[in-house]
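Q: Here's a structure for you.
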Amino acid sequence: MSGFTDRADAALADPILKIAVERTTGTAEAKRAIAVDAFPDFEAARTRAAAIKDHVIAHLGAYLEQFEASAIASGAQVHWAQTADEACRIVIDICKAAGARTVARSKSMLGEEIGLPHALEEAGIVRVETDLAEHIIQLADERPSHIIWPAMHKTREQVSALFRAKHANPHEEETIAAMAQSARRELRGAMLGADVGISGANFLIADSGAVCTVTNEGNAELSLVPPRVHIVTAGIEKIVPSMPHAIHMLRMLARSATGAALTQYTTFYTGPKRAGDRDGPEQMHIVLVDNGRTKMREEGLAEMLRCIRCGACMNHCVVFRQIGGHAYGGTYPGPMGAVLTPALDGLAPNRDLAHACTLNGKCQEVCPVKIPLPTLLKGWREKSWREGLEPTSMRWGLGFWAWVARRPALYRLGTAVAIRAIRLIGRKGWIDSLPLASGWTKHRDLPKPAARSFMAQYQQEQRK
Amino acid sequence: MTANVALFVTCLVDIMRPRIGFAAIRALEAAGCTVVVPQGQTCCGQPALNSGDRSHAVALAKQTIEALEPYEAIVVPSGSCAGTIRCHYPELFDDDAEWRARAQAVAAKTFEVMAYLDEVCGWKPEGVALPATATYHDSCSGLRQLGIKAQPRRLLKAIDGLSMTPLPGAETCCGFGGTFCVKYPAISNAIVGEKADAIDATGADLLLAGDLGCLMNMAGKLHRNGSKIRAFHAIELISGMGDGPAIGEEA
């Protein structure tokens with residue numbers, strides 16, 4: 001049994017998880033549908049969004065250089081990291097140079113990808129997660145299970161119990177508003193007292209050097225403006241050429257993620273505090289992280305670099321909605337995670353991710369940047385086959401079947417024999433247990449095949 | 001309209017439910033087509049293609065192309081197999097211009113049977129009656145690769161006495177996914193379990209769809225649950241064969 005199958009089985013056996021995932025994804029699906037219907041021409045907007053990203057990915061080097069120059073001109077410092085470890089090292093060095101004891105972190109999946117929470121802990125720096133869901137995850141000592149709602153695997157009832165156990169001054173009333181107040185009491189002081197604020201970036205604007213974040217809680221602004229130092233960690237694919245492009249992507253992002261026209265807070269950070277500014281950090285550092293992205297572009301995964309991390313693919317995925325995010329085992333779950341995780345963490349331990357998909361195409365249909373996720377997953381299946389990672393039974397089974405299927409006369413004989421054998425089992429038209437097909441018959445009945453194949457019947461009719 | 005069309009039966013229909021193939025022939029002939037069943041056909045190769053086994057997928061695609069290319073049109077009683085030929089065959093020959101051209105030529109004249117009857121033939125069933133209530137599941141490959149949604153409903157509407165009741169989540173995958181359902185049976189079961197409940201809740205007499213794989217998955221789950229809903233490929237009703245045995249019923 002693979003790790004994935006074990007995790008999926010555990011998830012399927014957890015009825016609370018199912019309720020939690022269904023509540024959030026169900027609401028997201030319904031709200032997105034309304035938002036997309038209300039949009040003048042969402043299909044054209046998707047095409048434009050994909051074209052913007054494709055253009056940037058094709059000219060990534062030029063746009064990165066432009067962004068670096070603009071960011072430096074705005075007073076920020078730009079750092080380049082080839083790997084996750086290098087990115088973490090740069091962040092820790094900046095924290096240490098600033099004498100930081102406490103950092104406030106605004107939710108960033110790139111931070112999760114490079115292992116930043118762990119690196120901060122190892123460096124002895126206190127990390128305060130300021131996004132409400134990340135705060136929940138931190139209290140529970142868990143990992144995010146969704147890229148937009150990291151704590152979506154928890155019900156509000158579970159969160160209430162967690163807050164009561166961990167908060168200094170927890171809520172008394174059992175309402176969502178009271179719970180939010182409890183988190184606010186816990187977090188606000190920590191945010192205002194942090195030495196360094198760390199964020200990701202939803203978009204990097206090449207011509208102005210601005211970094212854009214979107215939140216619904218305003219926690220990014222409170223985490224990034226008061227501290228002395230603001231550090232941004234961002235994947236190099238986050239670039240857009242200019243503000244109008246960013247605005248277009250923002251329209252796609254919010255609608256695809258939550259069904260809202262815009263998030264509550266959309267902020268563009270352009271450099272540190274300037275002379276005359278009333279507030280803002282003294283230093284702004286932007287760490288541009290590759291971590292396999294250049295390789296993805298060169299090895300057939302360029303389309304995946306369009307991803308704007310909206311989560312629509314997982315919200316609409318029948319598999320994700322049954323097993324939740326943790327079962328995928330990587331930083332990113334769902335269809336986009338199934339494509340990214342083998343690239344980030346290796347194919348051999350993650351070959352299941354490419355297969356645990358029905359190829360129904362819904363993810364591609366809702367993707368705001370038209371990523372052909374099923375095609376990319378099939379690409380991983382092909383690679384896994386070529387590299388001999390597929391189970392021997394599968395290789396031999398398919399090989400034998402294909403060998404027969406390439407010999408139509410033998411194939412007809414084979415189907416006749418198979419039909420006869422299968423028809424010996426079961427009764428009254430249905431088979432409730434079939435050796436070698438227990439994956440099917442464990443959960444559902446199999447209709448008996450007809451007594452004679454179509455081809456056999458047809459040939460007999462033609463001879464009449 | 002007197003086209004000379006080849007029927008690509010599909011391996012699942014050939015073995016599990018030949019009635020679907022005969023229903024397709026009956027409807028096509030009623031629409032004025034001359035139907036031929038090329039003997040060189042077996043399976044389109046989709047299991048190999050979706051398992052990552054490209055070399056066997058290419059070999060079976062070549063065999064299928066050779067068998068089908070002499071005909072004016074190729075008609076398939078499955079959105080998923082038609083989608084493989086139409087959308088994926090040309091992609092298999094990126095480095096082979098000759099075969100790519102042959103694959104593209106076959107792809108361009110391959111149709112799912114109900115789409116062909118409705119859009120190409122402009123045909124509707126006449127004099128077909130079936131007093132029943134039916135609900136329709138949109139199989140994913142047909143829906144998203146070939147845009148099959150309105151065509152079967154238009155054809156079914158012409159059946160006297162048949163009333164259609166919508167299936168909530170009709171466009172949500174049933175959890176079949178080819179080899180997915182046996183590779184990840186527990187996940188597949190959770191998905192088809194919800195689908196079966198949704199089908200049951202419609203109160204329909206019949207479950208219809210355009211792909212036998214999905215139908216076997218849903219019908220098998222409904223039967224395991226003790227549901228009385230009977231499942232047919234929509235073409236069986238459209239061709240006037242809806243009074244015969246449903247999936248899992250002995251003739």
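The values are calculated or read from the model by the stated rules, or taken from the named source; none is laboratory data. Since we're looking at a predicted model, the values are computed, not measured. In this analysis, Cβ positions are derived from the backbone assuming ideal geometry, glycine residues included, and neighbour counts consider all displayed protein chains.
Q: Just to be sure before I move on: is A:ARG444 surrounded by fewer than 21 Cβ atoms within 10 Å (Cβ to Cβ), facing chain B (nearest Cβ under 8 Å) and in a loop (DSSP other than H, G, I, E, B) in the structure I sent? It would help to see each step written out before you state the result.
A: Working: surrounded by fewer than 21 Cβ atoms within 10 Å (Cβ to Cβ): no; facing chain B (nearest Cβ under 8 Å): yes; in a loop (DSSP other than H, G, I, E, B): yes.
No.
Q: Taking B:VAL35 and the conditions (1) among the hydrophobic types (A, V, I, L, M, F, W, C); (2) within 9 Å of another protein chain (Cβ to nearest Cβ); (3) in a strand (DSSP E or B), which numbered condition does it fall short on, given that it satisfies the others?
A: Among (1) among the hydrophobic types (A, V, I, L, M, F, W, C); (2) within 9 Å of another protein chain (Cβ to nearest Cβ); (3) in a strand (DSSP E or B), the lone unmet condition for B:VAL35 is (2).
Q: So A:TRP385 ticks every box in (1) touching a Gly at 6+ places or on another chain (Cβ under 9 Å); (2) in contact (Cβ under 8 Å) with a residue 40 or more places away in the chain; (3) within 8 Å of chain B (Cβ to nearest Cβ); (4) not in a loop (DSSP other than H, G, I, E, B) but one. Which box is left unticked?
A: That leaves (2) as the condition not met.
Q: Among the residues in region A:126-141, are any under 21 Å from A:ASN202 (Cα atoms), in contact with a Gly (Cβ under 8 Å, 6 or more places away or on another chain) and either of a type in the set (D, E, K, R) or at pLDDT 95 or above (or both)?
A: no
Q: Restricting attention to region B:87-108, report how many residues are surrounded by fewer than 19 Cβ atoms within 10 Å (Cβ to Cβ) and in a loop (DSSP other than H, G, I, E, B).
A: Looking only at that region, the number is 3.
Q: Taking B:ALA6 and the conditions (1) outside any strand (DSSP E or B); (2) under 29 Å from A:ILE419 (Cα atoms); (3) more than 10 Å from chain A (Cβ to nearest Cβ); (4) in contact (Cβ under 8 Å) with a residue 60 or more places away in the chain, which numbered condition does it fall short on, given that it satisfies the others?
A: (1)
Q: Within region A:357-382, work out how many residues are assigned to a loop (DSSP other than H, G, I, E, B) and either of a type in the set (S, T, N, Q) or more than 21 Å from A:CYS310 (Cα to Cα) (or both). So that I can check it myself, show each step before the final result.
A: Taking region A:357-382 first, the residues assigned to a loop (DSSP other than H, G, I, E, B) are A:357-361, A:367-372.
Adding the requirement that they be either of a type in the set (S, T, N, Q) or more than 21 Å from A:CYS310 (Cα to Cα) (or both) leaves A:358, A:360.
Total meeting the criteria: 2.
Q: Something else now. How many residues, within region B:181-208, are surrounded by fewer than 24 Cβ atoms within 10 Å (Cβ to Cβ) and facing chain A (nearest Cβ under 9 Å)?
A: Total satisfying the criteria: 8.
Q: Consider A:ALA38 against the criteria (1) closer than 26 Å to A:ILE205 by Cβ; (2) of a type in the set (A, V, I, L, M, F, W, C); (3) surrounded by fewer than 20 Cβ atoms within 10 Å (Cβ to Cβ): it satisfies all of them except one. Which criterion is unmet?
A: Against the list (1) closer than 26 Å to A:ILE205 by Cβ; (2) of a type in the set (A, V, I, L, M, F, W, C); (3) surrounded by fewer than 20 Cβ atoms within 10 Å (Cβ to Cβ), A:ALA38 comes up short only on (1).
Q: What do you reckon, is A:GLY311 surrounded by fewer than 23 Cβ atoms within 10 Å (Cβ to Cβ) and among the small types (Gly, Ala, Ser)?
A: Details: surrounded by fewer than 23 Cβ atoms within 10 Å (Cβ to Cβ): no; among the small types (Gly, Ala, Ser): yes.
Judged against the criteria, A:GLY311 is not a match.
Q: Would you pick out the residues in region A:268-293 that are outside any loop (DSSP other than H, G, I, E, B) and within 19 Å of the chain's Cα centre (by Cα)?
A: First, the residues of region A:268-293 that are outside any loop (DSSP other than H, G, I, E, B): A:268-269, A:283-289, A:293.
Once the filter is applied, which keeps residues that are outside any loop (DSSP other than H, G, I, E, B) and within 19 Å of the chain's Cα centre (by Cα), region A:268-293 yields A:VAL289, A:ARG293.
Q: In the list B:ASP96, B:ASP53, which residue meets the criterion of being more than 26 Å from B:ALA219 (Cα to Cα) and either at pLDDT below 95 or more than 9 Å from chain A (Cβ to nearest Cβ) (or both)?
A: Numbers: B:ASP53 fails: either at pLDDT below 95 or more than 9 Å from chain A (Cβ to nearest Cβ) (or both).
One residue alone meets the criteria, B:ASP96.
Q: Within region A:404-412, is there a residue that is facing chain B (nearest Cβ under 10 Å), buried (at least 23 other Cβ atoms within 10 Å of the Cβ), of a type in the set (A, V, I, L, M) and part of a helix (DSSP H, G or I)?
A: In the first step, residues of region A:404-412 are kept if they are facing chain B (nearest Cβ under 10 Å); the result is A:404-412.
Going one step further and asking which of them are buried (at least 23 other Cβ atoms within 10 Å of the Cβ), we end up with A:405.
Filter again for of a type in the set (A, V, I, L, M), leaving A:405.
Add one more test, that the residue is part of a helix (DSSP H, G or I), and what stays is A:405.
The answer is yes, given that some residue of region A:404-412 is facing chain B (nearest Cβ under 10 Å), buried (at least 23 other Cβ atoms within 10 Å of the Cβ), of a type in the set (A, V, I, L, M) and part of a helix (DSSP H, G or I).
Q: Within region A:431-441, is there a residue that is part of a helix (DSSP H, G or I) and in contact with a Ser or Thr (Cβ under 7 Å, 6 or more places away or on another chain)? First the steps, then the outcome.
A: As a first pass, look at region A:431-441 and keep what is part of a helix (DSSP H, G or I): A:438-441.
Right, trim to in contact with a Ser or Thr (Cβ under 7 Å, 6 or more places away or on another chain) and you get A:441.
Yes, that holds for at least one residue.
Q: In the set B:THR84, B:THR172, which member is more than 24 Å from B:ALA198 (Cα to Cα), among the polar types (S, T, N, Q) and surrounded by 18 or more Cβ atoms within 10 Å (Cβ to Cβ)?
A: Numbers: B:THR172 fails: more than 24 Å from B:ALA198 (Cα to Cα).
Answer to the selection: B:THR84.
Q: Can you give me the number of residues within region A:1-34 that are among the aliphatic types (A, V, I, L, M), surrounded by 13 or more Cβ atoms within 10 Å (Cβ to Cβ) and within 10 Å of chain B (Cβ to nearest Cβ)?
A: Qualifying residue count for the region: 3.
Q: Further, regarding this structure: With the condition kept exactly as written, say whether any residue in region B:223-244 is surrounded by 23 or more Cβ atoms within 10 Å (Cβ to Cβ), among the basic types (Lys, Arg) and either away from chain A (no Cβ under 12 Å) or more than 25 Å from B:ALA82 (Cα to Cα) (or both).
A: Step one: filter region B:223-244 for residues surrounded by 23 or more Cβ atoms within 10 Å (Cβ to Cβ), giving B:223, B:231-239, B:242.
From the residues that got through so far, the ones that are among the basic types (Lys, Arg) too are none.
No: region B:223-244 contains no residue that is surrounded by 23 or more Cβ atoms within 10 Å (Cβ to Cβ), among the basic types (Lys, Arg) and either away from chain A (no Cβ under 12 Å) or more than 25 Å from B:ALA82 (Cα to Cα) (or both).
Q: If we scan region A:113-122, do we find a residue that is at positive phi, in the same structural domain as A:MET284 (by TED's automatic domain parsing) and free of Cβ contacts under 8 Å to residues at least 40 places away in the same chain?
A: As a first pass, look at region A:113-122 and keep what is at positive phi: A:115.
Those still in the list that are in the same structural domain as A:MET284 (by TED's automatic domain parsing) too: A:115.
With free of Cβ contacts under 8 Å to residues at least 40 places away in the same chain added as a condition, the list becomes A:115.
Yes, region A:113-122 contains a residue that is at positive phi, in the same structural domain as A:MET284 (by TED's automatic domain parsing) and free of Cβ contacts under 8 Å to residues at least 40 places away in the same chain.
Q: Turning to a different aspect of this structure: Taking into account only those residues within region A:414-441 that are surrounded by 13 or more Cβ atoms within 10 Å (Cβ to Cβ) and over 28 Å from B:ASN225 (Cα atoms), which is nearest to the other protein chains (Cβ to nearest Cβ)?
A: If we take residues in region A:414-441 being surrounded by 13 or more Cβ atoms within 10 Å (Cβ to Cβ) and over 28 Å from B:ASN225 (Cα atoms), then A:THR415 is nearest to the other protein chains (Cβ to nearest Cβ).
Q: Which residue out of A:ALA354, A:ALA327, A:ALA343 is in a helix (DSSP H, G or I), under 18 Å from A:ILE371 (Cα atoms) and within 14 Å of another protein chain (Cβ to nearest Cβ)?
A: On the way: A:ALA327 fails: under 18 Å from A:ILE371 (Cα atoms); A:ALA343 fails: within 14 Å of another protein chain (Cβ to nearest Cβ).
Of A:ALA354, A:ALA327, A:ALA343, the one residue that is in a helix (DSSP H, G or I), under 18 Å from A:ILE371 (Cα atoms) and within 14 Å of another protein chain (Cβ to nearest Cβ) is A:ALA354.
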